[in-house]
Amino acid sequence: MVDFSIEPAFQAKLDWMEGFVREKVYPLEYLYDYDKDAPYDITNAGLRKIIRHLQKEVKAQGMWAAHLPEHLGGQGFGAVKLTYINERFGFTGFGPVVFGCQGPDSGNSEILAMFATDEQRERFLAPLLTQDVFSCYAMTEPQGGSDPTNFRTTAVRDGDDWVLNGDKWFASSANNAAFLIVMAVTDPDAPPHGRATMFIVPTDTPGFEVVRHIGLFCDRRGEGGHPWIRLTDVRIPDSQRLGPVGEGFKVAQSRLGGGRLHHAQRTVGRVKQMIDMMGERALSRSSYGETIATRQAVQMDIANSYVEYCQFRLLVLHVAWMFDQQLEHGREGRKMISAVKAAMAKIAQEVTLRALHLHGSIGLSSEMHFGRHLAIALHEGVADGVTEIHLANVAKVLLRGYKAAEGHFPTDTLFKRKAWAAERIAPLLAEVGTTLEESRADMDHLQPAEKF
Ligand SMILES: Cc1cc2nc3c(=O)[nH]c(=O)nc-3n(C[C@H](O)[C@H](O)[C@H](O)COP(=O)(O)OP(=O)(O)OC[C@H]3O[C@@H](n4cnc5c(N)ncnc54)[C@H](O)[C@@H]3O)c2cc1C
């Protein structure tokens, strides 16, 4: 049974969210400097006070950390409901922090919940869940992100300790994090997916260093939240290893599925924002005496964007439903997560470009935020696995369900299909007492033999 209705009590919460996000969360984006990573800046006491105050309202509404199960302080809503929540604040940079489900902490809290020891949970997960600290997930390295078998950061066992050395790149939030979850090679000679292990590294550990602050291309140089970091002889006890030795990739995989879906859910909200901006613009500009909204080319862009938005939203809801049915694991689940990830990158880029274009010069100017919108849209095709790899995953799984045609000609070649149909229909003809000739079938059911 497919039912698109939303139960009234939950709808009331969503209605509250609409007003709250528009009136109290979205404005922060225009007053606090996102280049300086404002939502995550724990040193800005004034801003933290505002954020804490807003978080109290979220908690009072029972909407805090909606991605987490109840035993971890979340709401246990499940992924479908999370879609309705994430799409409502997805267009704001501050939304995730105010609602307690910002990346990379959301994924990190999930893997800590799954793999951490009791001691690790108390020390690292508990303060993360109350947002007393932020965290970072450091996997990508300067020499390569898409292929984890290229990673060179090492962790070498020394008595009860591990000693880590290496550079990590685009380590989001490392500049504001209390700790990092680091993937390091522990056995370079093992098969590719058994080489790495995860470690929890507090950022006050001697040997941790931010080499350079890196932002997106819309940020000011030397600012932004995705630093290049270095670990030099960083010594940590074995009690800070997260999960079994050699199972770093398994730990990584278990955080990425949910994270990709959360991004897609927020992208639904961002795409809708772009369409809203296009609508206003189309009705506000005129050309040769008529609004540009009357021009078919403009209508096509708006309508195509809306149709694609509806299709994408349904795909996201379907994959969310798969999560709720615990179907996200296994081959089919991974195929659909890759599908949603690739679709997200495409729609984010195309609709953002259309919206920018419709705004003409002001869209390209520094008087609007299209530089940021575009950077965020483009990042969807790179972070958490580049689009090519996700599409290849979709194709690989899909192709397992097919086999090559017999002979040189496609199965749907007419002479093959006619012979096949004649064979199928023969019992029916016999039953009703007729022949192909008598029923005047238009067919040449003799299949030429293939010789070469
Ligand atoms: C905003 C943002 C935030 C990020 N946050 C984090 C974070 O918190 N932690 C973290 O560890 N990483 C993070 N990353 C890094 C991200 O995961 C990597 O950028 C990503 O894995 C790609 O790696 P790369 O940048 O080295 O690109 P490369 O791997 O060098 O790929 C570059 C291009 O090569 C092509 N390509 C590569 N491999 C293939 C292939 N197999 N088939 C076909 N084409 C291919 C694609 O066109 C691809 O875009 C973040 C990135 C961004 C942009």
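Residue by residue through the stretch 386-410, note down the ones that are among the hydroxyl-bearing types (S, T, Y) and either outside the structural domain of H329 (by TED's automatic domain parsing) or in a loop (DSSP other than H, G, I, E, B) (or both).
Y402
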Any idea which residue in the stretch 169-197 is nearest to the ligand (Cβ to nearest atom), counting only those that are under 10 Å from A138 (Cβ atoms) and among the aliphatic types (A, V, I, L, M)?
A171
Considering the stretch 134-143 alone, what residues qualify as being touching a residue at least 24 places away in the same chain (Cβ under 8 Å) and surrounded by fewer than 18 Cβ atoms within 10 Å (Cβ to Cβ)?
P142
Flag for A419 being closer than 25 Å to S287 by Cβ, in contact (Cβ under 8 Å) with a residue 24 or more places away in the chain and either away from the ligand (no atom under 14 Å from the Cβ) or not in a helix (DSSP H, G or I) (or both):
no
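Would you check if there is a residue in the stretch 260-283 being of a type in the set (G, A, S), touching a strand residue (DSSP E or B) at 6+ places or on another chain (Cβ under 8 Å) and not in a helix (DSSP H, G or I)? Talk me through it step by step, then tell me what you get.
Of all residues in the stretch 260-283, those of a type in the set (G, A, S) come to 264, 269, 279, 282.
Among the residues that remain, those that are also touching a strand residue (DSSP E or B) at 6+ places or on another chain (Cβ under 8 Å) are: 282.
With not in a helix (DSSP H, G or I) added as a condition, the list becomes none.
So far as the stretch 260-283 goes, no, none of its residues is of a type in the set (G, A, S), touching a strand residue (DSSP E or B) at 6+ places or on another chain (Cβ under 8 Å) and not in a helix (DSSP H, G or I).
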So which residues in the stretch 1-43 are without any contact (Cβ under 8 Å) to a residue 60 or more places away in the chain, part of a loop (DSSP other than H, G, I, E, B) and more than 21 Å from H369 (Cβ to Cβ), if there are any at all?
M1, V2, D3, F4, S5, E7, T43
Among the residues that make up the stretch 241-261, is at least one of them surrounded by fewer than 21 Cβ atoms within 10 Å (Cβ to Cβ), out of contact with any Pro (no Cβ under 8 Å at 6 or more places or on another chain) and among the aromatic types (F, W, Y)?
no
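Residues that are assigned by TED's automatic domain parsing to the domain that holds K272 and either outside any helix (DSSP H, G or I) or within 18 Å of G93 (Cβ to Cβ) (or both): does the stretch 335-342 have at least one? First the steps, then the outcome.
Of the stretch 335-342, the ones assigned by TED's automatic domain parsing to the domain that holds K272 are 335-342.
The next check asks that each one be either outside any helix (DSSP H, G or I) or within 18 Å of G93 (Cβ to Cβ) (or both); those that pass are none.
Checked the stretch 335-342: no residue is assigned by TED's automatic domain parsing to the domain that holds K272 and either outside any helix (DSSP H, G or I) or within 18 Å of G93 (Cβ to Cβ) (or both).
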Suppose we keep only residues that are more than 8 Å from the ligand (Cβ to nearest atom) and surrounded by 15 or more Cβ atoms within 10 Å (Cβ to Cβ) within the stretch 144-155. Which one would you say is farthest from V210 (Cα to Cα)?
P148
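Where residues in the stretch 64-102 are of a type in the set (A, V, I, L, M) and farther than 18 Å from D324 by Cα, which of them is surrounded by the fewest Cβ atoms within 10 Å (Cβ to Cβ)?
Looking only at the stretch 64-102, we keep the residues that are of a type in the set (A, V, I, L, M), and these are 65-66, 68, 72, 79-80, 82, 85, 97-98.
Checking which are farther than 18 Å from D324 by Cα leaves us with 97-98.
Values: V97: 22, V98: 27.
Applying the filter and picking the extreme gives V97.
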Where a residue in the stretch 423-452 is free of Cβ contacts under 8 Å to residues at least 12 places away in the same chain and its partner, wherever it lies, is among the β-branched types (V, I, T), with Cβ under 7 Å and at least six apart
L429/T435
Hits in the stretch 399-452 (condition: among the small types (G, A, S), within 30 Å of E332 (Cβ to Cβ) and loosely packed, with under 10 Cβ neighbours inside 10 Å)
G401, A404
Among the residues of the stretch 56-65, is there at least one that is modelled with pLDDT under 95, under 20 Å from Y137 (Cβ atoms) and part of a helix (DSSP H, G or I)?
no
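So is G93 closer than 30 Å to E29 by Cα, in contact (Cβ under 8 Å) with a residue 12 or more places away in the chain, assigned to a loop (DSSP other than H, G, I, E, B) and in contact with a helix residue (DSSP H, G or I) (Cβ under 7 Å, 6 or more places away or on another chain) or not?
Details: closer than 30 Å to E29 by Cα: yes; in contact (Cβ under 8 Å) with a residue 12 or more places away in the chain: yes; assigned to a loop (DSSP other than H, G, I, E, B): yes; in contact with a helix residue (DSSP H, G or I) (Cβ under 7 Å, 6 or more places away or on another chain): yes.
Against the criterion (closer than 30 Å to E29 by Cα, in contact (Cβ under 8 Å) with a residue 12 or more places away in the chain, assigned to a loop (DSSP other than H, G, I, E, B) and in contact with a helix residue (DSSP H, G or I) (Cβ under 7 Å, 6 or more places away or on another chain)), G93 qualifies.
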Could you tell me whether A383 is within 13 Å of the chain's Cα centre (by Cα), in a loop (DSSP other than H, G, I, E, B), at negative phi and buried (at least 19 other Cβ atoms within 10 Å of the Cβ)?
yes
Of everything in the stretch 8-59, what is among the charged types (D, E, K, R) and closer than 22 Å to R220 by Cα? Give them in sequence order.
E29, D33, D35, K36, D37, D41
Meets criteria (over 25 Å from F10 (Cβ atoms), out of contact with any strand residue (DSSP E or B) (no Cβ under 7 Å at 6 or more places or on another chain) and assigned by TED's automatic domain parsing to the domain that holds T205) for G93:
no
Return the total of residues in the stretch 103-132 being outside any helix (DSSP H, G or I) and either within 16 Å of the ligand (Cβ to nearest atom) or out of contact with any strand residue (DSSP E or B) (no Cβ under 8 Å at 6 or more places or on another chain) (or both).
6
Qualifying positions in the stretch 220-259 - assigned to a loop (DSSP other than H, G, I, E, B), of a type outside the set (D, E, K, R) and away from the ligand (no atom under 16 Å from the Cβ)
G222, G243, P244, V245, G246
Taking the conditions exactly as written (at pLDDT 95 or above, in a loop (DSSP other than H, G, I, E, B) and more than 16 Å from the ligand (Cβ to nearest atom)), does E328 satisfy them or not?
no
Residues of the stretch 28-69 being over 26 Å from the mean Cα position of the chain (by Cα) and of a type in the set (D, E), in sequence order, are E57
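For L47, state whether it is within 16 Å of the ligand (Cβ to nearest atom), outside any loop (DSSP other than H, G, I, E, B) and closer than 26 Å to I214 by Cα. Break it down stepwise before answering.
Values: within 16 Å of the ligand (Cβ to nearest atom): no; outside any loop (DSSP other than H, G, I, E, B): yes; closer than 26 Å to I214 by Cα: yes.
Judged against the criteria, L47 is not a match.
The values are calculated or read from the model by the stated rules, or taken from the named source; none is laboratory data. Since we're looking at a predicted model, the values are computed, not measured. Virtual Cβ from ideal backbone geometry, glycine too; neighbours counted across all protein chains shown.
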